[in-house]
1. Exactly one condition in (1) in contact with a helix residue (DSSP H, G or I) (Cβ under 7 Å, 6 or more places away or on another chain); (2) within 23 Å of His57 (Cα to Cα) is false for Ser151; which is it?
2. Within region 214-242, take every residue that is open to solvent by 10 Å² or more (accessible area, probe 1.4 Å) and touching a residue at least 40 places away in the same chain (Cβ under 8 Å) and give me the one that is nearest to Arg154 (Cα to Cα).
3. Among the residues of region 36-60, how many are touching a strand residue (DSSP E or B) at 6+ places or on another chain (Cβ under 6 Å), open to solvent by less than 60 Å² (accessible area, probe 1.4 Å) and not in a loop (DSSP other than H, G, I, E, B)?
4. When you scan region 185-203, how many residues do you find that are in contact with a helix residue (DSSP H, G or I) (Cβ under 8 Å, 6 or more places away or on another chain), open to solvent by 40 Å² or more (accessible area, probe 1.4 Å) and over 18 Å from Lys252 (Cα atoms)?
5. Collect the residues in region 149-178 that are away from ligand 2 (no atom under 16 Å from the Cβ) and either β-branched (Val, Ile, Thr) or within 13 Å of Ser134 (Cα to Cα) (or both), keeping them in residue-number order.
6. Identify all residues within region 155-175 that are charged (D, E, K, R) and either closer than 23 Å to Val197 by Cβ or open to solvent by less than 40 Å² (accessible area, probe 1.4 Å) (or both); write none if there are none.
7. Going through Ala211, Ala186, Ala180, Ala190 one at a time, which residue ends up being in contact (Cβ under 8 Å) with a residue 60 or more places away in the chain and either under 23 Å from Pro7 (Cβ atoms) or of a type in the set (A, V, I, L, M, F, W, C) (or both)?
8. Thr109 versus (1) touching a helix residue (DSSP H, G or I) at 6+ places or on another chain (Cβ under 6 Å); (2) over 28 Å from Lys2 (Cα atoms): which is the lone unmet condition?
Amino acid sequence: MKLIPIPAFVDNYIWMLHDGRRALVVDPGDSEPVLAALQDGGLTLETILVTHHHNDHTGGVDALRQATGAKVYGPALEHMPEPLTRLNDGDVIEVLGLHFEVLLVPGHTAGHIAFFGQVPSQDPVLFCGDTLFSAGCGRLFEGSPAQMLTSLTRLAALPDATRVCCAHEYTLSSLRFALAVEPDNADLQAYQAKAQVLRNQHQPTLPSSIALEKCVNPFLRTHLPSVAHAVQRQAANATDAVSVFAALRTWKDQF
Ligand SMILES: [Zn+2]
Ligand SMILES: [Zn+2]
């Protein structure tokens, strides 16, 4: 199985997984780069997975369905381009002979889902849309801080080696904020240097891993004194887990 981030728009990635013959794509906001990748690889698009309703994740679904006949799966609770199979938390689907588990991860949008897949003799994959970014997380457009904290905690509990396939290349700007929160975090400093080299070469910084995110992502680290104390210097009334997380997200929004 080969995992490829197809760049789209300014900073989106449309993730493709293929076995040399059949392919799936995740969140195709645009059909053109996907059709080009299918043609280049001599691949048949079997399945389209969608994490949430934003147009930069759904805009290419209709054109791809028409061009390829691919089956579309998406969240049960959101407005979606029809027809599709709607998925709820805990559902398991079989795609390309692999099993993907659906996790409901509200926060960025109210019905956002993520797909966790086991890949034989490879590390697992997580397609997390705009919920978890490398060193960051999605903005809270529709959900509450408590919901997002619960969603991110579920993702952080996945196996350490899981390849984290985020839908945007936000890593460098997320790292600038993460270093403002934890300037003394050596893992963060090392990761920033590595990510900067990759971006200078126009390479993706993704996929990340759950193990790395637990070391560098402040939104997965709000339970640690280094993050909580930094947040409390901005918002003294942030004492419990949810208020620390909420104040961290607000700080990032204003950063
Ligand atoms: Zn979004
Ligand atoms: Zn997006």
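The values are calculated or read from the model by the stated rules, or taken from the named source; none is laboratory data. Here the structure is a predicted model, which means the values were calculated and not measured. Every residue, glycine as well, gets a Cβ built from its backbone with ideal geometry; the counts of neighbours run over all protein chains shown. Accessible surface is based on the protein model in full, side chains and every heavy atom, while ligands, DNA and RNA are left aside. Shrake-Rupley method; radii C 1.70, N 1.55, O 1.52, S 1.80 Å.
1. Tallying (1) in contact with a helix residue (DSSP H, G or I) (Cβ under 7 Å, 6 or more places away or on another chain); (2) within 23 Å of His57 (Cα to Cα), Ser151 fails exactly one: (1).
2. The initial filter retains those residues of region 214-242 that are open to solvent by 10 Å² or more (accessible area, probe 1.4 Å), namely 214-215, 220-226, 228-229, 232-237, 239-242.
So of that shortlist, the ones also touching a residue at least 40 places away in the same chain (Cβ under 8 Å) come out as 214, 220, 222, 226, 241-242.
Values: Lys214: 12, Leu220: 10, Thr222: 14, Ser226: 22, Ala241: 15, Val242: 15 Å.
For region 214-242, the residue satisfying everything is Leu220.
3. The first filter runs over region 36-60 and keeps only residues touching a strand residue (DSSP E or B) at 6+ places or on another chain (Cβ under 6 Å), leaving 37-38, 43-52, 56.
Then drop every residue that is not open to solvent by less than 60 Å² (accessible area, probe 1.4 Å), which leaves 37-38, 43, 45, 47-52, 56.
Next, from what is left, pick out any that are not in a loop (DSSP other than H, G, I, E, B): 37-38, 45, 47-49, 56.
Summing the residues that are touching a strand residue (DSSP E or B) at 6+ places or on another chain (Cβ under 6 Å), open to solvent by less than 60 Å² (accessible area, probe 1.4 Å) and not in a loop (DSSP other than H, G, I, E, B) in region 36-60 gives 7.
4. Kept after step one, since they are in contact with a helix residue (DSSP H, G or I) (Cβ under 8 Å, 6 or more places away or on another chain), are these residues of region 185-203: 185, 187-189, 191-192, 195-196, 199.
Imposing the further condition that a residue be open to solvent by 40 Å² or more (accessible area, probe 1.4 Å) reduces the set to 187, 189, 192, 196, 199.
Add one more test, that the residue is over 18 Å from Lys252 (Cα atoms), and what stays is 187, 189, 196, 199.
Number satisfying all stated conditions: 4.
5. So in region 149-178, the residues away from ligand 2 (no atom under 16 Å from the Cβ) come out as 149-150, 152-163, 172, 175-178.
Across region 149-178, the qualifying residues are Thr150, Leu152, Thr153, Leu155, Ala156, Thr162, Arg163, Leu172, Leu175, Arg176, Phe177, Ala178.
6. Keep residues of region 155-175 that are charged (D, E, K, R), which gives 160, 163, 169.
Correct list: Arg163, Glu169.
7. On the way: Ala211 fails: in contact (Cβ under 8 Å) with a residue 60 or more places away in the chain; Ala186 fails: in contact (Cβ under 8 Å) with a residue 60 or more places away in the chain; Ala190 fails: in contact (Cβ under 8 Å) with a residue 60 or more places away in the chain.
Of the residues listed, the single one that is in contact (Cβ under 8 Å) with a residue 60 or more places away in the chain and either under 23 Å from Pro7 (Cβ atoms) or of a type in the set (A, V, I, L, M, F, W, C) (or both) is Ala180.
8. So Thr109 meets the others, but not (1).
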